[in-house]
1. Does the stretch 192-200 contain any residue that is in contact (Cβ under 8 Å) with a residue 40 or more places away in the chain, out of contact with any helix residue (DSSP H, G or I) (no Cβ under 7 Å at 6 or more places or on another chain) and part of a strand (DSSP E or B)?
2. Would you tally the residues in the stretch 23-61 being part of a strand (DSSP E or B) and under 28 Å from residue 194 (Cβ atoms)?
3. Do we have residue 75 as outside any helix (DSSP H, G or I) and either modelled with pLDDT under 60 or touching a helix residue (DSSP H, G or I) at 6+ places or on another chain (Cβ under 9 Å) (or both) here?
4. Name the pairs: first residue in the stretch 120-146 and within 24 Å of residue 219 (Cα to Cα), second residue surrounded by fewer than 20 Cβ atoms within 10 Å (Cβ to Cβ) and at pLDDT below 90, Cβ to Cβ under 8 Å, at least 6 apart or on different chains?
5. Check residue 38 against each of (1) buried (at least 17 other Cβ atoms within 10 Å of the Cβ); (2) modelled with pLDDT of 80 or more; (3) in contact with a helix residue (DSSP H, G or I) (Cβ under 7 Å, 6 or more places away or on another chain) and name the one condition it does not meet.
6. Name the helices (runs of 4 or more DSSP H) wholly within the stretch 78-167 that hold at least 2 residues that are at negative phi and either in contact with a strand residue (DSSP E or B) (Cβ under 7 Å, 6 or more places away or on another chain) or at pLDDT 90 or above (or both)?
7. Only one residue in 150, 188 is touching a residue at least 60 places away in the same chain (Cβ under 8 Å) and surrounded by 12 or more Cβ atoms within 10 Å (Cβ to Cβ), so which one is that?
């Protein structure tokens with residue numbers, strides 16, 4: 001694992017990465033329901049959700065098995081109040097981390113369409129790690145004036161199954177249960193302290209033109225939905241050429257056309 005900090009830039013927490021991979025040029029996808037995609041374009045902000053609110057309830061609990069053993073030892077040797085306080089502190093730390101999650105993949109995933117978008121009225125943004133990082137406008141700061149305040153951001157590929165060495169406190173935001181490994185997730189994490197109670201998300205300014213390489217329409221999207229998306233892009237002064245059809249569920253005619261094109265033969269379909 002590489003852990004490098006730069007005063008004015010993001011920290012790269014480089015987990016479980018094949019050293020042969022050109023990671024920063026890798027293709028990323030993020031799946032959206034139309035309403036959230038429209039909000040992204042309207043606000044020009046990227047949504048970061050508290051990792052404490054993710055489906056994986058082990059999110060943000062560093063070295064979970066060691067944590068359980070530690071709590072067990074506490075219960076055997078100290079008061080139950082102390083053990084409960086330690087457990088509470090572990091869990092509360094998660095509230096200071098917020099993540100934007102992306103899939104590292106050169107192609108679409110039917111599973112991801114179903115889990116995070118809408119198979120009929122959804123979209124997927126395609127970008128690269130470089131373009132995503134360059135498009136973000138995140139203010140980082142650290143102040144010791146009246147109240148200690150800090151905001152930093154980090155990025156990396158997730159450690160599924162908590163296999164990596166935990167030599168950074170911030171690494172807690174990059175471990176995930178092995179049951180989610182099919183998502184092949186890359187995430188950007190914001191650490192913010194102190195955080196107001198019950199804060200479940202942050203919105204960060206973003207350069208839409210730098211972010212979006214292309215937009216894939218949902219596999220079963222109707223012509224009416226495609227027109228709806230085109231109109232939205234036009235109103236936002238975005239090039240409609242960014243729109244691409246999903247290759248997941250091409251009909252027979254499209255398959256035959258692609259076959260003829262690959263052979264450089266004119267077809268009459």
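The values are calculated or read from the model by the stated rules, or taken from the named source; none is laboratory data. Note that this is a predicted model, so its numbers are computed, not measured. Note that each Cβ is placed from the backbone with ideal geometry, even for glycine, and that neighbours are counted across all protein chains shown.
1. no
2. The number of residues fulfilling the criteria is 6.
3. Criteria not met by residue 75.
4. Cβ pairs passing all conditions: 128/24; 128/25; 128/26.
5. The single condition residue 38 does not satisfy is (1).
6. 110-116, 129-135
7. From the options 150, 188, the qualifying one is 188.
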